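Before any comments, here is the structure.
No lab work stands behind these numbers, since they all come straight from the coordinates. Predicted model, so just to flag it, every value in this text is computed and none were measured. Cβ atoms come from the backbone with ideal geometry, glycine included; neighbour counts cover every protein chain shown.
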Amino acid sequence: MANDEETLRPKRIEEDDHDDEYEDQEEEEDDDLHGWDDWREDDQDQDETEDSAFLCLFCDSTYTDTQALFHHCISTHHFDFQSIRKTLTLDFYASFKLINYVRSQVSQKRCWSCGLNFQSKEDLWNHLHEAVSLDDIKPLLENDQYLKPFLQDDSLLYSFNEDEEAVDDGDDVVVVDIAEKEELMTNLRKFKDICIDSEIQDTYHQCGKEDVDSISGSHLNVGSSSGKSAVNGSTSREPERHTNDKALRAYFPNRDLKDVKIVRTDAYRKAIVDNSSLLNGAVVMDVGCGTGILSLFSAQAKASRVIAVEASEKMAAVATQIAKENGHLRIKKPTDGTSQSTGVVEIVQCMVEELDKKTSIEPHSVDVLLSEWMGYCLLYESMLSSVLYARDKWLKPGGAILPDTATIIVAGFGKGGTSIPFWENVYGFNMSCVGKELVEGAAQMPIVDVIEGDDLVTNAAVLKTFDLVTMKPDEVDFTASVELEPNLCSTETNSLDFASKTTWCYGALLWFETGFTSRFCKEMPANLSTSPYTPKTHWSQTILTFREPIAISSGKSNLDKSAEIGSDGCPAVKISLRISIARASQHRSIDISMETVGVGPDGRKRSWPVQLFNMS
């Protein structure tokens, strides 16, 4: 327990072990960090006006003390918070997560216990019941995403165990040390809006947006056994976005999150640091720099100047401080003529489209253009249009762009990529009807999550490849067709008599790869993959679920020629997909359409109605 609590303790932004407080650091900062002071003052003002009312986990009722609130939850919503804590022996952190988990489920009109979705909150309230098995809930609370407050200024998070902090050692509930709790609460209040994940540019395209999109990670969610999150349902649902929990990752790191970040950071580091001939003496531009990690790599590679562009005022302040503390910040020459040591990294807080208004830079004067611009499904909330703008205006003819290629790949997934296997055996009971209902619901929305490579039942095919050196901005919107055939190596189709074996394809899985090719990275080419066959990344994969599963086989001798293509009597030998991805009217959102055709062994075809998905 001590090790777990140590892992969850907030860590400061600095990568070293300085003991100085932020207040001491701010006294030493120059005028470039003016935005940092404003940020802290805003947070302090907000703390002073914090509402002390406790909002119910399920409805709009408010109470002046937690005991009354929890009594209401028991009598009205069949939710006994303290009993659940005691039964599962939840410590302070796990209890904190439980509150956020329940709120996240309720916001999506989903039962926190069984995972069923409802059309209205009233339907959900009428359905609520005591948990069938709390053992299914506890594993969900191991996910640190629920350490991030789901509601801004949720006073319940800071007060739910007020009566228990002096609890007897013999009590079953493990309560965190008061000082430790206060440390956690202070950091959550102070830094809840900061986005300092070292490789994320999301704040760039949000342009300072501070609201937190919440997510749900549960095997009870639509269509998944591994915790899939719908990016956007229908207009009747509250949009659900699988975010990267940037703020919490900085303060509550764990090994899984660290591994996720290493995958993508290593690809960039190899491309930058291990290709010294490309970066040495070069003028580099980092579009959407975030914390500036790519800019710091460029400084290590001996770039002569690094222009780090960041739209978010807060992130630009963070990047400035990090560059300064690591000796890489480029400081303007003093007006009094005295000499001063300076680095090469210049942080510019603006959109890249307005860069020439903020700093001195000549058109077509950049040697190397860097950016981690990719979003879910490559193009959702991506910064590709901004990168192409920077390429056309600032990059020299023949200059390098990293990465220089991006490819979207698609494959079909089987039942193992859904939640059906879980529901087929719930403590010995067959509840597969629930899983089937959830899978049908998943066909209405794209889902962002990880599927194991073993759960793919077809070959993988390239849907679209972008060459960032030559592509035009309007080529971001595209339509492409692929043909998928049964995968001989899939565990779901693994059989000595494969020719007669039928498996079921439940949908299409999309992922992407970006290449740092030998065109520019001559010494050390690199590749960043979000494939289900490689270590996972925060981008996961994008799941497009069919309205009904399609039976597939490489060939079947006893075909029922009267049966429909894609049925058990006449499995398809090939699935043809026509997928379109286009920018939606909502900023940085995308629309996806998928046309599906099954091809039988006798050449007959069957078409399914087109499916429309929106990621927003």
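Mean silhouette area of segment 510-616, derived from the convex hull of its C-alpha atoms and averaged over all directions, reads 10.3 nm².
Averaged over residues, the count of other Cβ atoms within 10 Å places the peptides 359-366, 599-606 in the sequence 599-606, 359-366, highest first. In whole Å, how far is the Cα centre of segment 270-310 from that of segment 542-581? That distance is 48 Å. On the principal axes of its alpha carbon atoms, segment 54-158 extends 32, 31, 24 Å, with the longest extent given first.
Pairs 86/138; 472/536; 270/536; 574/605; 436/574; 302/324: which exceed 20 Å Cα-Cα? Don't skip to the end; give the middle numbers.
Values: 86/138 12 Å; 472/536 30 Å; 270/536 18 Å; 574/605 10 Å; 436/574 24 Å; 302/324 17 Å.
Flagged as over cut-off: 472/536; 436/574.
Across segment 57-70, rounded Karplus estimates of 3J(HN,Hα) from the backbone phi angles (6.51 cos²θ - 1.76 cosθ + 1.60, θ = phi - 60°) give 5, 10, 10, 8, 5, 10, 9, 8, 9, 5, 4, 5, 4, 5 Hz, Gly and Pro being marked x. Amide H contacts under 5 Å for residue 431: 424, 425, 426, restricted to partners 5 or more places along the chain or on a different chain, H placed in the peptide plane at 1.01 Å from N. Kirkwood-type hydrodynamic radius, segment 382-478: 17.0 Å, calculated from all non-identical alpha-carbon pairs. Taking a ≥ b ≥ c as the square roots of the eigenvalues of the alpha-carbon gyration tensor, segment 258-402 is classed rounded because a/c is under 1.5. Across segment 591-602, computed HN-Hα scalar couplings (Karplus, 6.51 cos²θ - 1.76 cosθ + 1.60, θ = phi - 60°) run 9, 10, 10, 9, 9, 10, 10, x, 10, x, x, 9 Hz from first to last residue, x flagging Gly and Pro. Backbone geometry of segment 275-287 corresponds, through the Karplus equation with coefficients 6.51, -1.76 and 1.60 at θ = phi - 60°, to 3J(HN,Hα) couplings of 10, 4, 5, 7, 8, 4, x, 8, 8, 10, 10, 10, 8 Hz, x marking Gly and Pro.
Taking amide H positions as modeled 1.01 Å from N, with prolines and chain starts lacking one, the residues under 5 Å from residue 343 and 5 or more places away or on another chain are 329, 330, 331.
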